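The values are calculated or read from the model by the stated rules, or taken from the named source; none is laboratory data. Everything numeric in this text was worked out from a predicted model, so none of it was measured. As a convention, Cβ positions derive from the backbone with ideal geometry for all residues, glycine included, and neighbour counts pool all protein chains shown.
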Amino acid sequence: MFQALKIVEMPVGVVMRRSPGVTRWIAHVWTLAGIVPRAPAADWRMTRTDGDVIEYHAATLTLQLHRKDTDSLVQNLTSQVPSVWVGLRGGGRPDPVLVTASPFEASFHEIDAEDRVEKVAMPAGMIEWVEAFVALHHQDEPFVKRRRDKHRQGDAQDGIGDARITQPADVWRTPQSLRARK
């Protein structure tokens, strides 16, 4: 299925819900209602109405899985509820700009003040698709503790400040550098 592919893609439809605002200053509240795996292209197509609440198939974005990002995918799959993150841009009616299954990538996009990232549960078929990709590409890397180099253990910063100025009582100097000054 994914044998020689480094990157696999799936079109994912983003469903947004518009509900009436709870105050007179906000006319509508937009929230992420869900996702649709392997969805056709759409541009704010109305899918369902329930009184004043309307759901739209806002956009179809591409979900990419990279073989080097399997650590984050494993973390997502082993969480209590595997999820998909959707990046939304703009105030008022937000535009979907990103779909990812990587919690690490989602955290990078939460930094921007203009964007917000919302999380929705991953459908069962998509979980199987991600698990198959991870099973093929994931390689656990054992933790290797770094050892210090023997020849660099005595090297320390030789004081703070200008080295040309004599400082007889500097607490930041190493005993070895003080002996060398005598």
Output for the range 4-46, where each listed residue is touching a residue at least 12 places away in the same chain (Cβ under 8 Å) and surrounded by fewer than 11 Cβ atoms within 10 Å (Cβ to Cβ): 6, 9, 40, 41, 43
So, in the range 105-116, exactly how many residues are outside any loop (DSSP other than H, G, I, E, B) and within 9 Å of the chain's Cα centre (by Cα)? 5
Within the range 63-81, how many residues turn out to be assigned to a helix (DSSP H, G or I) and in contact with a strand residue (DSSP E or B) (Cβ under 8 Å, 6 or more places away or on another chain)? 3
Evaluate the range 92-104: report whether one residue or more is among the aromatic types (Phe, Trp, Tyr), within 18 Å of residue 11 (Cβ to Cβ) and either modelled with pLDDT of 90 or more or outside any strand (DSSP E or B) (or both). no
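Can you tell me which of 75, 80 is of a type in the set (S, T, N, Q), at pLDDT 90 or above and either surrounded by 19 or more Cβ atoms within 10 Å (Cβ to Cβ) or within 14 Å of residue 130 (Cα to Cα) (or both)?
Just a single option satisfies the conditions, and that option is 75.
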The range 86-133, subset among the acidic types (Asp, Glu) and under 24 Å from residue 19 (Cβ atoms), residue surrounded by the most Cβ atoms within 10 Å (Cβ to Cβ): 118
